[in-house]
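Visitor: Here it is, the structure, as structure tokens.
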Amino acid sequence: MEDRYARAGIGNVVLNDGFWKDTLTQYVTRTAGYVYDMFDYSRSFDNFDRVAAGERKVLGNTSEHAGEILIPSGDNRLIGSKDGEWSWGNEPWREGLIYEEYRAVSDIISVYSGDPELGDTAQELKARTEDYIDRIYAAALTTTGEDRNGRRIDGYFSTFALLTQTGVIDETEGGHIWTHDLYNYGCLVEAGVSWYRATGDMRLLFAATRFTEFIIDYMYGDDGYDVVPSHQIAEEALLDLYDLYKNDPELVRRMEETFDSAEGLDAADRYYRLEIRWEQYIDIVRDWIEKRGVYDGRYQSISYGDYAQDHATFDKQTTAAGHSVRANLWYSAIAAAGNYLDDREYISAANTIWNDIVGKQMYITGGTGSVHASESYGGDYYLPHDGYCETCASVGMAFFAGNMSELFGQAEYADVLETQLYNGILGCLGMDGCSFYYQNPLTSDAYQRPYWSGATPCCPPMYMKIFANLVSYIYMSNGDSVIVDQYISSTADLTLDIGPVEIIQYSNLPDGNRAALEVTANGAFTLRLRMPSWASSASVTVGGVAVSVSPDADGYLSIERVWNGKTQVEVTFGKEVIRVYQDEAAANRNQVALQYGPFIYCAETDDNLFEGEDLLESVVIIPETARVSVSYEPDLFALELNEGQIARGANVLRVQASVDGEERTLTM
């Protein structure tokens, strides 16, 4: 395998003061706890308690509202206020969302426990999560039994299915595409691995491992089925679990010793004597990539169609299709597995799909999935301005970009990740820290962020996952070079062939155009600075001396030298207002977007009330010769905290334009 790059992340990188430290301060101290509050309010943990008490649909002993949670309804459906109407309803994937929040909180604990300002809050979140895990672990210990066919389902752990169905996986009455068994499983694996790494607590890992052992027997047993998840996430999660056990045999031993005949587990359980068959986990990962589009051996030979990327085998899927969240998570997994296994077919497939999305199916903001009815990709250049652009799809695309960066070490992937961070994802959350957009169209009319979506609150945990792990997307390294992919104030402690390398970065991006890096190292290596796609030029100094450097074929400014102790490196980018066109899409012909730095700008009616006109109903013309001014306003916004605020500035554009035939100054 070639010397590919690997991301530096949790344990090696911390944030320094700046735009993103302020942002994460809000997320850690306000948003993470708010998401937990809403899970509590919606009674989302009650089903774990029911399962722990032995309730099962197959036994006919379920209580009122078993398998249900409270959902905003009526006029409150798209607002989600606690003061509005809420009704009991089904959401089979709800426990998966809980597990995703656990993964985010686990990363918060790992990154911020030692932070002088955020450490106490991180520990409070840890204590709260431990209380929830007590309830989940109690439920996991009761997962011994049979389905309606008398088949052993020990280890199977999906509360919705156990409480409302009499079968599992494909045999559920509601169908696998609705029941989300393996989506919930994948989220549980993510949470179990991350929680263990953050705290050393193995209980969630135990539940995830038992479920995995059940899947081995379900898929490869005498009457097994060639299952593929109808909602992807489990593929990459299971790859991480495989890697964890493969590289830590002592953990395997401790897991087997600790949970062998675990107290509270039924002695009749198939996994009462725990034996972790981790070597087979990678076979399941491969099956879940390679057996999409292959129906022989499945229960009733069922196909999930292009909605779940099951219309063809992975190597024949050259166009992104179907539900965009499912799709992007699967594409991300193919890239991750291709890198891990050095599988050229996987790598080629990931590259083909990437080029299709970025070249033909991605909005200028990074949004993907333009079709409302199915939350799906719409085909080549189908990019209507009111297209869906679900937040979760942008998060999935960010994961995909991160994995492609590791594979190829090229700046284009970090450019797309930057677009997602600042445009596709960041605007989902309101400045209040507790309201979320589910979809992010280019144009909208009176569309407000709900406090908890009645459609489903899937976006808050996904949003938290990407930003809780933001430190993992700033730097990459291999044996003889370091890449700076994002200009985010941070400190990285890396290890190269020459030994330890420390980089302390202070950046005034996204509002400014400069980053200063203090590099401490002794020996020869190459420092590679990404040339952002929006930058018109770059100037670099090393030790206060200007150096001549141009972007290389991979899009980086490479500084190859022998480093001796501390060295100051500064990079300044040319930053201008850019007019962006995308005439291939019918909706964009004769249209222009304005970009300044990483941000795509938006004109809102509230900022441009010109005698009461609604911009959405107006004809707005920005001539090619229009004057555009930029002014930084330091107190334009405020990030709300539980106590106090953090001022947030922004660059404001003022553009000479025609609005319904009248000359106006458009504020963006």
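The values are calculated or read from the model by the stated rules, or taken from the named source; none is laboratory data. Here the structure is a predicted model, which is why all the values come from computation and not from measurement. Ideal geometry is used to build each Cβ from the backbone, glycine not excepted, and the neighbour counts take in all protein chains shown. Ligands, DNA and RNA are excluded from the accessible area calculation, which covers all protein heavy atoms including side chains. Shrake-Rupley method; radii C 1.70, N 1.55, O 1.52, S 1.80 Å.
Visitor: Which members of the stretch 207-249 meet the condition of being part of a helix (DSSP H, G or I) and aliphatic (A, V, I, L, M)?
Guide: 207, 208, 215, 216, 219, 234, 237, 238, 239, 241, 244
Visitor: Go through the residues of the stretch 483-495 one by one and say whether even a single one is open to solvent by 20 Å² or more (accessible area, probe 1.4 Å), of a type in the set (Val, Ile, Thr) and more than 29 Å from residue 194 (Cβ to Cβ).
Guide: Checking the stretch 483-495: not a single residue is open to solvent by 20 Å² or more (accessible area, probe 1.4 Å), of a type in the set (Val, Ile, Thr) and more than 29 Å from residue 194 (Cβ to Cβ).
Visitor: Residue 75 versus (1) open to solvent by 10 Å² or more (accessible area, probe 1.4 Å); (2) in contact (Cβ under 8 Å) with a residue 12 or more places away in the chain; (3) not in a strand (DSSP E or B): which is the lone unmet condition?
Guide: Of everything listed in (1) open to solvent by 10 Å² or more (accessible area, probe 1.4 Å); (2) in contact (Cβ under 8 Å) with a residue 12 or more places away in the chain; (3) not in a strand (DSSP E or B), residue 75 misses just condition (2).
Visitor: Another question, if that's okay. How many residues are at pLDDT 95 or above and either open to solvent by 30 Å² or more (accessible area, probe 1.4 Å) or among the aromatic types (Phe, Trp, Tyr) (or both) when one looks only at the stretch 223-262?
Guide: Result for the stretch 223-262: 16.
Visitor: Which of the residues that make up the stretch 418-432 are of a type in the set (S, T, N, Q) and either in contact with a Phe, Trp or Tyr (Cβ under 9 Å, 6 or more places away or on another chain) or under 14 Å from residue 451 (Cβ atoms) (or both)?
Guide: Residue satisfying the conditions is 423 alone.
Visitor: Among all residue pairs at least 6 apart or on different chains, which show Cβ distances below 6 Å where the first residue, located in the stretch 262-274, is under 16 Å from residue 205 (Cα atoms) and the second is not in a loop (DSSP other than H, G, I, E, B)?
Guide: Final answer for the pair search is 271/210; 271/213; 274/256; 274/259.
Visitor: Taking residue 185, is it aromatic (Phe, Trp, Tyr) and surrounded by fewer than 23 Cβ atoms within 10 Å (Cβ to Cβ)?
Guide: no
Visitor: Condition check: among the small types (Gly, Ala, Ser), over 18 Å from residue 651 (Cβ atoms) and open to solvent by less than 30 Å² (accessible area, probe 1.4 Å). Does residue 618 satisfy that?
Guide: Answer is yes for this residue.
Visitor: Mind checking which residues of the stretch 356-404 are in a loop (DSSP other than H, G, I, E, B), out of contact with any strand residue (DSSP E or B) (no Cβ under 7 Å at 6 or more places or on another chain) and polar (S, T, N, Q)?
Guide: Correct list: 370 only.
Visitor: Out of 155, 167, report the one residue that is open to solvent by less than 10 Å² (accessible area, probe 1.4 Å) and either without any contact (Cβ under 8 Å) to a residue 24 or more places away in the chain or among the aromatic types (Phe, Trp, Tyr) (or both).
Guide: When all the criteria are applied, what remains is 167.
Visitor: A follow-up question, please. Suppose we filter 406, 390, 412 for residues that are crowded, with 24+ Cβ neighbours inside 10 Å and of a type in the set (D, E, K, R); which single one remains? Step through it out loud before you land on a result.
Guide: Details: 406 fails: crowded, with 24+ Cβ neighbours inside 10 Å; 412 fails: crowded, with 24+ Cβ neighbours inside 10 Å.
Only one candidate passes the filter, namely 390.
Visitor: Starting from the stretch 338-351, take each residue that is within 19 Å of residue 3 (Cβ to Cβ) and at pLDDT below 95 and list its partners that are assigned to a helix (DSSP H, G or I) and among the polar types (S, T, N, Q), counting only C-beta distances under 9 angstrom and pairs at least six apart or across chains.
Guide: Correct list of pairs: empty, since none qualify.
Visitor: Given the criterion surrounded by 24 or more Cβ atoms within 10 Å (Cβ to Cβ) and among the aliphatic types (A, V, I, L, M), identify the matching residue among 349, 320, 308, 312. Lay out the reasoning, then the answer.
Guide: Values: 349 fails: surrounded by 24 or more Cβ atoms within 10 Å (Cβ to Cβ); 308 fails: surrounded by 24 or more Cβ atoms within 10 Å (Cβ to Cβ); 312 fails: surrounded by 24 or more Cβ atoms within 10 Å (Cβ to Cβ).
That would be 320, the only listed residue that is surrounded by 24 or more Cβ atoms within 10 Å (Cβ to Cβ) and among the aliphatic types (A, V, I, L, M).
Visitor: Among the strands (runs of 3 or more DSSP E) lying completely within the stretch 575-668, list those that include at least 3 residues that are touching a residue at least 60 places away in the same chain (Cβ under 8 Å).
Guide: Here the list reads 593-596, 628-640, 645-659.
Visitor: Can you confirm whether residue 538 is touching a strand residue (DSSP E or B) at 6+ places or on another chain (Cβ under 6 Å), on the phi < 0 side of the Ramachandran plot, crowded, with 18+ Cβ neighbours inside 10 Å and among the small types (Gly, Ala, Ser)?
Guide: yes
Visitor: All but one of (1) of a type outside the set (Lys, Arg); (2) open to solvent by less than 20 Å² (accessible area, probe 1.4 Å); (3) at negative phi; (4) more than 17 Å from the chain's Cα centre (by Cα) hold for residue 335; which doesn't?
Guide: (4)
Each row is one residue, and each column tells you yes or no for (1) open to solvent by less than 10 Å² (accessible area, probe 1.4 Å); (2) of a type in the set (Phe, Trp, Tyr); (3) farther than 22 Å from residue 143 by Cβ; (4) at pLDDT below 95.
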{"site": "41", "(1), (2), (3), (4)": "no, yes, yes, no"}
{"site": "45", "(1), (2), (3), (4)": "yes, yes, no, no"}
{"site": "55", "(1), (2), (3), (4)": "no, no, no, no"}
{"site": "62", "(1), (2), (3), (4)": "no, no, no, no"}
{"site": "110", "(1), (2), (3), (4)": "no, no, yes, no"}
{"site": "117", "(1), (2), (3), (4)": "no, no, yes, no"}
